[in-house]
1. Under unit Cβ charges (Lys, Arg +1; Asp, Glu -1), what dipole magnitude, rounded to 20 debye, does the range 329-422 have relative to its Cα centre?
2. Identify all lysines with a Cα-Cα distance to residue 119 below 21 Å; exclude those on the same chain that are fewer than 8 residues away in sequence.
3. Where in the range 248-342 are there GluC sites (Glu not before Pro) that are in a DSSP coil and have at most 15 other Cβ atoms within 10 angstrom of their Cβ?
4. Taking residue 53 as the anchor, which aspartates and glutamates have their alpha carbon closer than 15 Å to its alpha carbon, excluding any fewer than eight residues away along the same chain?
5. Taking the Cα centroid of the range 102-166 and of the range 185-261, what is the distance between the two, rounded to the nearest whole Å?
6. With charges only on Cβ, +1 for K and R and -1 for D and E, what is the dipole size of the chain about its Cα centre, in debye, rounded to 20?
7. Counting other C-beta atoms within 10 Å, and keeping those with at most 16, which DSSP coil trypsin sites (Lys or Arg not before Pro) do you find in the range 1-95?
8. Name the residue from 349, 152, 87 whose Cα lies farthest towards the positive end of the charge dipole of the chain, charges +1 on Cβ of Lys and Arg and -1 on Cβ of Asp and Glu.
Amino acid sequence: MGENIQPIRGMNDVLPADSAAWQLLERVCRETFAEYGYREIRVPMLERTELFKRSIGEMTDIVEKEMYTFEDRGGDSVTLRPEATAGIVRACISNGLLHNQRQKVWCAGPMFRYERPQKGRYRQFHQIDVEALGFPGPDVDAELIIMSARIWRKLGLDGLVLNVNSLGTAESRRAYRATLVEYFRGHAEALDEDSRRRLEGNPLRILDSKNPAMRAVIEGAPLLTDHLDAESAAHFARLRADLDAAGVPYVVNPRLVRGLDYYARTVFEWVTTDLGSQDAVCSGGRYDGLVQQLGGESVPGIGWALGEERIVELLRLKGLVGDEAYADVYVVLGGEAAEAAGLRVAESLRAALPGLRVEMNCGAGSFKSQMKRADRSGARYAVILGDDEVARGIAALKPMREDAEQAEVPLANLGTEVARRVAGRG
């Protein structure tokens, strides 16, 4: 026997017992997006490397250190997507979806970054991503944030804190950039190697540093909100007023800059204190120049992405998900005639009530072992069928989750009776 092949570091399996929380999160998001008029889009996991260099920014940690980039057999440099926004914008441009049109879309799936794996941070991770293209805001900014707050309420999650900030326009950031460079040059001895390198290229990225030794010098830096242009300041004021009116509490965090270069004006993060250092569970912002930057027309955009692994971990920590039943009915079979009839009986049950989860015992087994399987499945009812029952044209219907008597039901009426009980009609 050969040695077991282990998973790649930072690539995790989602096992059947863990899938209930994932399905709950994805179902709530899908339903909520539909309520707000957002439609699903699916984009490739593999894109040309240039897409991410032009969108995310060549001097970001993602592009410099974390992307899974390689040359394909045709000699092209390609990259596994580290985030979804760039691919969605590319898809909208490639397919002509932004010519005199506005789009509200969402997608979900795996992203890839070569990071140091730790709790809440993986090399393959999953995001649910929402984008609104063609809306100048700030009303759509508020709608997107309010929509995320609705998702937390539906999931029963509390304790999440919303941080908001404005990065202003490219022009106002240029003026702020000069002030920031002057400040950091005066504290050059406190800068780490990455920050010194970014000082000339992109000093705003220094504010995004996670190095604890940099905290004091970053906290003393000039505030971007003090250098906003009038239009961005008005945009930010309207966003805050809309959130106030909707009853969504927030904290203005002037140090929030986000780790991607395409953001402008509104940026926001939902954070928690329950996951240690990986505190951000949903982040986003406005990217009004990105479509044009990627070769499209001048179209405003805004979006957010939530980390599925982190939300799932929160659901577990707060006891909001448990072991989910994967069957409504378990069919127990005893004898050759019963086994021959089992498939027909199971199919008749599924036909009687669409969506009914019916597991038929396969692989034989004693009555005792089959009843244990029925219990583990979480089924509300066991349909017990032996050779004698088949000969008499009946089945025994045994309640598994309540103190009620087992009953004999004619096979001809079994589907109707099970459907009535499971659906609660009588």
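Just so it is clear, none of the values below were taken in a lab; they were calculated from the coordinates. Everything numeric in this text was worked out from a predicted model, so none of it was measured. Quick reminder, even Gly has a Cβ in these numbers, built from the backbone with ideal geometry, and neighbours come from all protein chains shown.
1. Dipole size: approximately 400 debye.
2. 65, 210, 318
3. Details: sites: 269, 297, 308, 309, 313, 324, 336, 339; in loops: 297, 324.
Sites meeting the loop and neighbour criteria: 297, 324.
4. Cα-Cα hits under 15 Å: 61, 64, 66, 76, 83, 261.
5. Cα centroid of the range 102-166 versus Cα centroid of the range 185-261: 19 Å apart.
6. 160
7. Values: sites: 9, 27, 30, 39, 42, 48, 53, 54, 65, 73, 90; in loops: 9, 42, 73.
Here the sparse-neighbourhood loop sites are 9, 42, 73.
8. Sorting the options by dipole projection puts first 152.
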